[in-house]
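K.L.:
This structure is in structure tokens; I'll ask about it shortly.
Each reported figure results from applying straightforward, stated rules to the coordinates on display, with no laboratory input. Here the structure is a predicted model, which means the values were calculated and not measured. Glycine gets a Cβ as well: all are built from the backbone with ideal geometry, and neighbour counts include every protein chain shown.
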Ligand SMILES: [Zn+2]
């Protein structure tokens, strides 16, 4: 369970994992709407046999933003298309990254992340932000 008091982030426990620690679902950190879940993918073997696998995939509302820091570095995070916008103020960006650091139990970037200046890129769909 999340340890910190968030003012804007309503769902700091946004990642659901199964017994084997595989991620089964990811929610928007802000509002709790599901943005990634298990999706069936239709595959075909070289011999033509068709089969279905289930893997984690983005839903229609999945959105990424690239957050810029004072030192020029950046952090990419995800959420839903309603909550993540270009005009988010720094205190909200810092809450998003606090939730990421808490989920990943990795505070190595925290001194840099807390200097967030603004959102550089908003992109709907998974991947592609550099
Ligand atoms: Zn949301």
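K.L.:
Conditions first: (1) within 16 Å of the ligand (Cβ to nearest atom); (2) surrounded by fewer than 14 Cβ atoms within 10 Å (Cβ to Cβ); (3) part of a strand (DSSP E or B). Residue 7 passes all but one, so which condition is the exception?
P.N.:
So the condition that residue 7 fails would be (3).
K.L.:
Which one of these does residue 65 not meet: (1) in a strand (DSSP E or B); (2) within 16 Å of the ligand (Cβ to nearest atom); (3) closer than 17 Å to residue 103 by Cα?
P.N.:
(3)
K.L.:
Could we say that residue 39 is touching a residue at least 12 places away in the same chain (Cβ under 8 Å), over 23 Å from residue 112 (Cβ atoms) and either away from the ligand (no atom under 16 Å from the Cβ) or surrounded by 14 or more Cβ atoms within 10 Å (Cβ to Cβ) (or both) here?
P.N.:
Criteria met by residue 39.
K.L.:
All but one of (1) assigned to a loop (DSSP other than H, G, I, E, B); (2) within 16 Å of the ligand (Cβ to nearest atom) hold for residue 20; which doesn't?
P.N.:
Just one mismatch for residue 20, condition (2).
K.L.:
More than 17 Å from residue 9 (Cα to Cα), more than 16 Å from the ligand (Cβ to nearest atom) and assigned to a strand (DSSP E or B): is that true of residue 72 in this structure?
P.N.:
no
K.L.:
For region 75-110, which residues satisfy the criterion of being surrounded by fewer than 15 Cβ atoms within 10 Å (Cβ to Cβ) and either in contact (Cβ under 8 Å) with a residue 60 or more places away in the chain or assigned to a strand (DSSP E or B) (or both)?
P.N.:
91
K.L.:
Right, next: Just to be sure, is residue 126 surrounded by fewer than 20 Cβ atoms within 10 Å (Cβ to Cβ), under 14 Å from the mean Cα position of the chain (by Cα) and free of Cβ contacts under 8 Å to residues at least 24 places away in the same chain?
P.N.:
Considered against the rule, which asks whether it is surrounded by fewer than 20 Cβ atoms within 10 Å (Cβ to Cβ), under 14 Å from the mean Cα position of the chain (by Cα) and free of Cβ contacts under 8 Å to residues at least 24 places away in the same chain, residue 126 comes out as no.
K.L.:
Filter region 23-54 for residues that are touching a strand residue (DSSP E or B) at 6+ places or on another chain (Cβ under 8 Å), part of a loop (DSSP other than H, G, I, E, B) and more than 24 Å from residue 127 (Cα to Cα) and give the result.
P.N.:
45
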